[in-house]
Amino acid sequence: MWRRGADRFQHPAQVIAGGFAAAVLIGTALLMLPVATRTGDPPPLIDALFTATSAVCVTGLVVVDTAGYWSTFGQVVILALIQIGGLGIMTLATLLTVLLSRRLGLRARFLAQAETKTLSLRDVRRVVRNIVLFSLVVESAVAVVLTVRFALGYDYPWGRAAYHGVFHAVSAFNNAGFALYADSLMRFVADPWVMVTIAVAVIVGGLGFPVVFELLRAWRRPRSWSVLTRITMVLTVSLLILGTIVFTLVEFRNPATLGPLDAPDKLLAGFFASVMTRTAGFNSIDIAGLRPESLLLSDVLMFIGGGSAGTAGGVKVTTVGLLAFVLWAEMRGETKVNVGSRRVPETNQRQALAVLLLALGAVAVATFALLAMTRYTLDQVLFEVVSAFATVGLSTGITAGLPPAADVLLIVLMFMGRIGPLTVASALALRERSRRYELPEERIIVG
C-alpha cells in the first residue's frame, strides 16, 4: 500500500506542495508550544496555523502582533520558517543531499529543477549552492547595515540591534514582511538607512535567482541578456518608477499618509511603498489611510508581483510581460511571438495564460467569499485577498478582525500563492495524460 501511495506521488509539483505543507504543519506544531508565546499559554490553533503558513509562504499577514505575542522562541521559529519558505523546500533538501552524500541522483535533480526553475538538469547542484551562498551573503550584508544603524542611530544595545538586524534582513530578502514592531516600519519612514537598505534587499530577493546570477555575470552586456532577464528587468524598473510617481503624487497631500512629511521624505516613502507592494509586506505609512486610487494601484502591483524563481509572489512580471508580447503579436497579425531576437514557444504562452486565469479566478472567488463572510468594504476585502494570494502581507488592518472561516480562506490563498496556481493544479492531478490523436479543427467567434 505504501509503495502504491508513493508511486502516485511522483510529480515534482506534488512533492513541492507536500514539502511546503509539511513545513507549515511542523511550524504550527512548534508555535503551539507554550514556550512560543510570551504568556506561556498555547495559542489558538488557527493563530498558530495562520502564522506558520504566512511565514513559510513568506507573506507577512498576521493575526497577532509578532513582537508582542510571540516569545523569542516563537520569533526564531517564524524566522526559520521564513528562511525555509524563501529558499524552498527542494533547494534545502538538495543542499542537504549534496552535503551528506556528495552525489545527486536524477530524481533529486528533477525535484530541484522544478523548485529553482533552472533550465538545465546538469547545473542543478551548482545552482542550489549558489542560491544558498548568495542568500546568506546578501542577508548578512543587510543585517550588518541594520545592526549598526539600530545601535548607533537608535541607541539599541548591540545584542538587541543584532537580533533586530538579522530578523529584518532575513524577512526583507525573502520578501516576507514580518517585522518586530507593531507599526511595521512606520517609525523609520524618514530614515533612508533603514528604508533603502530593506528596499534593496526586497528588490534583489524578488528579481529571481536566474536573473540575479545572469546580471552578476553579464551586467555590462545587456544585449547578451536572456529573454527572462530582459523582461524581468524592464518591467521591474518600469513598475518601480511608475509606482513611486503615482504613490507620491496621489498621497502627496493626504494627511493620513504622506501629508505630514517633507518633500524628500515623501519621495522616499513613495518609493518604499512601490517596492513593498511588489510582495514584501513592510509598510512605512498607514495602509488604512491610503486613498482609493492608491489601493487600486497597490492591488495591481501586488497581483503582478516580482520575478520568477525568486522570493517574490504574484503572477510574476515574466507572466505579464510575455502576455503583453502575445497581445502585441496578435494585434500585428503575427503567428509567432518574438521577444527581441528570440521566439517564445507556444508552451510558455499557454503556461502564462493558465497562471493568469487561475490567479484571476482564485482572487475573484475568494473576494466574493470574503465579502459574504464579513462586513468590510470591497476595497478592503480585495486588498486583503490580493495581498494573501500574492504573498505580500500588506493589510488595511482587517486581518486580526476576520472570523475563523475567513482566516482559513486566507491560509489557502497564501499556500496557493507561494507554490503557484499552476503547481497547485498539477499537484492535484495524479497522472498526466496526452492524447494520441487529434480532433478536426474548427474556429469559433472570439470577442
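The values are calculated or read from the model by the stated rules, or taken from the named source; none is laboratory data. Quick caveat: nothing in here was measured; it's all calculated off a predicted structure. Heads up, the Cβs are rebuilt from the backbone with ideal geometry, glycines too, and the neighbour counts pull from every protein chain shown. These accessible areas exclude ligands, DNA and RNA; they are computed on the full protein's heavy atoms, side chains included. Shrake-Rupley method; radii C 1.70, N 1.55, O 1.52, S 1.80 Å.
Take ARG278 and decide whether it is touching a Gly at 6+ places or on another chain (Cβ under 6 Å) and of a type in the set (D, E, K, R).
Criteria met by ARG278.
Just give me the residues in the range 293-315 being among the aliphatic types (A, V, I, L, M) and either under 18 Å from PHE272 (Cβ atoms) or part of a loop (DSSP other than H, G, I, E, B) (or both), in sequence order. Can you show your working first?
If we filter the range 293-315 for residues that are among the aliphatic types (A, V, I, L, M), which is where we start, we get 295-297, 300-302, 304, 309, 312, 315.
Correct list: LEU295, LEU297, VAL300, LEU301, MET302, ILE304, ALA309, ALA312, VAL315.
Given the condition modelled with pLDDT under 65 and either in contact with a strand residue (DSSP E or B) (Cβ under 8 Å, 6 or more places away or on another chain) or not in a loop (DSSP other than H, G, I, E, B) (or both), answer yes or no: does some residue in the range 65-84 qualify?
First pass over the range 65-84, keeping only residues modelled with pLDDT under 65: none.
For the range 65-84, residues modelled with pLDDT under 65 and either in contact with a strand residue (DSSP E or B) (Cβ under 8 Å, 6 or more places away or on another chain) or not in a loop (DSSP other than H, G, I, E, B) (or both): absent.
Residues that are modelled with pLDDT of 95 or more and open to solvent by 60 Å² or more (accessible area, probe 1.4 Å): list the helices (runs of 4 or more DSSP H) wholly contained in the range 105-218 that include at least 3 such residues.
Details: elements: 106-116, 124-153, 158-173, 192-207, 209-218.
By residue number, 124-153, 158-173, 192-207.
Based on this model, can you work out whether LEU430 counts as under 25 Å from CYS57 (Cα atoms), outside any helix (DSSP H, G or I) and either modelled with pLDDT of 95 or more or open to solvent by 70 Å² or more (accessible area, probe 1.4 Å) (or both)? Walk me through how you get there before you give the answer.
Values: under 25 Å from CYS57 (Cα atoms): yes; outside any helix (DSSP H, G or I): yes; either modelled with pLDDT of 95 or more or open to solvent by 70 Å² or more (accessible area, probe 1.4 Å) (or both): yes.
When the stated conditions are applied, LEU430 passes them.
Suppose the filter is open to solvent by less than 60 Å² (accessible area, probe 1.4 Å), of a type outside the set (Val, Ile, Thr), out of contact with any Lys or Arg (no Cβ under 8 Å at 6 or more places or on another chain) and at pLDDT below 90; does ALA324 pass it?
no
Before we move on, is ALA172 in contact (Cβ under 8 Å) with a residue 60 or more places away in the chain and within 19 Å of ALA55 (Cα to Cα)?
The answer is yes for ALA172.
How many of the residues in the range 28-64 are in contact with a helix residue (DSSP H, G or I) (Cβ under 9 Å, 6 or more places away or on another chain), part of a helix (DSSP H, G or I) and of a type outside the set (S, T, N, Q)?
Counting residues in the range 28-64 that are in contact with a helix residue (DSSP H, G or I) (Cβ under 9 Å, 6 or more places away or on another chain), part of a helix (DSSP H, G or I) and of a type outside the set (S, T, N, Q) gives 14.
Residue under question is LEU357, and the condition is that it be surrounded by fewer than 19 Cβ atoms within 10 Å (Cβ to Cβ), under 21 Å from the mean Cα position of the chain (by Cα) and part of a helix (DSSP H, G or I); does it hold?
Details: surrounded by fewer than 19 Cβ atoms within 10 Å (Cβ to Cβ): yes; under 21 Å from the mean Cα position of the chain (by Cα): yes; part of a helix (DSSP H, G or I): yes.
Yes, satisfied.
Output yes when any residue across the range 231-239 is of a type in the set (Gly, Ala, Ser) and open to solvent by less than 20 Å² (accessible area, probe 1.4 Å), and no when none is.
Within the range 231-239, the subset of a type in the set (Gly, Ala, Ser) is 238.
Filter once more, so that each one left must be open to solvent by less than 20 Å² (accessible area, probe 1.4 Å): none.
No, the range 231-239 has no match at all.
With (1) over 16 Å from SER308 (Cα atoms); (2) aromatic (Phe, Trp, Tyr); (3) surrounded by fewer than 23 Cβ atoms within 10 Å (Cβ to Cβ) as the list, and TRP225 as the residue in question, which single condition is left unmet?
The failed condition is (1).
Return the residues of the range 394-420 that are open to solvent by less than 10 Å² (accessible area, probe 1.4 Å) and under 18 Å from GLY306 (Cα atoms); say none if nothing qualifies.
Residues satisfying the conditions are LEU394, LEU413, MET414, GLY417.
Go through the range 240-292 and count every residue that is assigned to a helix (DSSP H, G or I) and open to solvent by 30 Å² or more (accessible area, probe 1.4 Å). Outline the logic, then answer.
Looking only at the range 240-292, we keep the residues that are assigned to a helix (DSSP H, G or I), and these are 240-250, 263-276, 287-289, 292.
Subsequent filtering for residues that are open to solvent by 30 Å² or more (accessible area, probe 1.4 Å) retains 241-242, 245-246, 249-250, 263-265, 267, 271, 288, 292.
Here the count works out to 13.
Being closer than 24 Å to ASN175 by Cα, over 15 Å from the mean Cα position of the chain (by Cα) and of a type in the set (Val, Ile, Thr) narrows it down to one of VAL363, VAL386, VAL339, VAL317, so name that one.
Matching residue, one of VAL363, VAL386, VAL339, VAL317: VAL363.
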